[in-house]
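Visitor: Could you have a look at this structure, given as structure tokens, before my questions?
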Amino acid sequence: MKVTRLGAAAAAGLAWGHFEAGWVRLQTLACPLPGLPQELEGLRIAHLSDFHLGFPSRGTTAVERAVDWVEERRPDLTLVSGDLLSRRSGEARLRALLARLPRCFAVLGNHDFSWTRDPFSHPADLVELEPATLLRDESRTVELRGKRVQIVGVDPRSYRRRQAKPERFADPDADLRILLCHYPEVIDRLPLGAFHLVLSGHLHGGQICVPWPGGRLRLAHIRWTYIRGLYRRPTGTLHLSAGLGTTFVPFRFLARPEATELVLQSV
């Protein structure tokens, strides 16, 4: 009897994890930024992360629904914070999806180079993503509402070697400076005043979580300081996305995939 109940519970858990991997949360989130020019009040930025395309998972469904949502909402910017592919077989779909995103800028993550313990991840060797703009330790500046908005992108290779210094690209004359980096702990390595907003991914909100007294135990990232959501730090405001895809196993548990539209507010 106990074996039967355990088997049924395991099957139910797997079924739920499979379902949750595609149950994407589409959310709009107010993002207060100190010193934001009045002209940029209400600026909308779509933040997507961790597609992991090419890996068989309902995460692909989550990515496609997120892209449909962003395309419909037409934000001022779309920023994608890495881990775009888990296998090269997903590249054609990736390019088709990114081409639909308005004013899109992206960086790569560790899975794009197969720097992971995940045995199912293969290097993708991406060098460009036109018409989206791939940033690899470089920046672009766009004009929005008559103001200069700078996006700086960190290459994961230089970051892992501890050679990345994104602050050297920061333009003090830009009215809004945004850093796009796959790794959220970058927020603690920045000098004061370099960037207003930092967008990251990588952690999947834990991906597999279990209930725990006072919250959830995130099995994949127990010791990380940042998990998901907004964090206000002296060096800027961090938005950490729970991402859309999956790694290692095609399941999520108590860690829904998400796409976020940040609505900037001055404080």
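The values are calculated or read from the model by the stated rules, or taken from the named source; none is laboratory data. These figures come from a predicted structure and were not determined experimentally. Cβ placement follows ideal geometry from the backbone for every residue including glycine, while neighbour counts extend to all protein chains displayed. Calculation scope for accessible area: heavy atoms of the full protein, side chains included, ligands and nucleic acids excluded. Shrake-Rupley method; radii C 1.70, N 1.55, O 1.52, S 1.80 Å.
Visitor: Is it the case that region 106-125 has a residue that's modelled with pLDDT of 95 or more and open to solvent by 60 Å² or more (accessible area, probe 1.4 Å)?
Guide: no
Visitor: Let me ask something additional. Hey, among the residues in region 147-174 that are open to solvent by less than 40 Å² (accessible area, probe 1.4 Å) and among the polar types (S, T, N, Q), which one's nearest to Arg233 (Cα to Cα)? Walk me through it before giving the result.
Guide: Narrowing region 147-174 to residues open to solvent by less than 40 Å² (accessible area, probe 1.4 Å): 149-156, 158-159, 164, 166, 170-171, 174.
Restricting the remaining residues to those that are among the polar types (S, T, N, Q) gives 150, 158.
On the way: Gln150: 20, Ser158: 23 Å.
Among residues in region 147-174 that are open to solvent by less than 40 Å² (accessible area, probe 1.4 Å) and among the polar types (S, T, N, Q), the one nearest to Arg233 (Cα to Cα) is Gln150.
Visitor: Write out, first by first residue and then by second, each pair whose Cβ atoms fall under 7 Å of each other, whose residues are 6+ apart or on separate chains, and whose first residue, in region 37-48, is under 21 Å from Leu101 (Cα atoms) and open to solvent by 30 Å² or more (accessible area, probe 1.4 Å) while the second is assigned to a strand (DSSP E or B) and of a type outside the set (A, V, I, L, M).
Guide: Hits for this filter: Arg44/Glu261.
Visitor: Out of the residues in region 127-146 meeting the condition of being more than 15 Å from Ala194 (Cβ to Cβ) and assigned to a loop (DSSP other than H, G, I, E, B), tell me which one is most open to solvent (accessible area, probe 1.4 Å).
Guide: Glu130
Visitor: Hey, can you tell me all the residues within region 175-193 that are part of a loop (DSSP other than H, G, I, E, B) and open to solvent by 10 Å² or more (accessible area, probe 1.4 Å)?
Guide: Those that are part of a loop (DSSP other than H, G, I, E, B) and open to solvent by 10 Å² or more (accessible area, probe 1.4 Å): Asp175, Tyr183, Arg189, Leu190, Pro191, Leu192, Gly193.
Visitor: Determine whether region 87-96 contains at least one residue that is in contact with a helix residue (DSSP H, G or I) (Cβ under 7 Å, 6 or more places away or on another chain) and at pLDDT below 95.
Guide: Step one: list which residues in region 87-96 are in contact with a helix residue (DSSP H, G or I) (Cβ under 7 Å, 6 or more places away or on another chain), which gives none.
No: zero hits.
Visitor: Name the one entry in Gly243, Gly236, Gly205, Gly201 that is touching a Gly at 6+ places or on another chain (Cβ under 9 Å), at pLDDT below 95 and crowded, with 21+ Cβ neighbours inside 10 Å. Give the steps one after another, and end with the answer.
Guide: Values: Gly243 fails: at pLDDT below 95; Gly236 fails: at pLDDT below 95; Gly201 fails: at pLDDT below 95.
On inspection, the qualifying residue turns out to be Gly205.
Visitor: Considering Leu14, Leu33, which residue is farther than 22 Å from Ser200 by Cα, surrounded by fewer than 22 Cβ atoms within 10 Å (Cβ to Cβ) and either among the β-branched types (Val, Ile, Thr) or more than 16 Å from the chain's Cα centre (by Cα) (or both)? Working first, answer last.
Guide: Values: Leu33 fails: farther than 22 Å from Ser200 by Cα.
Answer to the selection: Leu14.
Visitor: Do we find a residue being part of a helix (DSSP H, G or I) and either open to solvent by less than 20 Å² (accessible area, probe 1.4 Å) or modelled with pLDDT of 95 or more (or both) anywhere in region 221-231?
Guide: no
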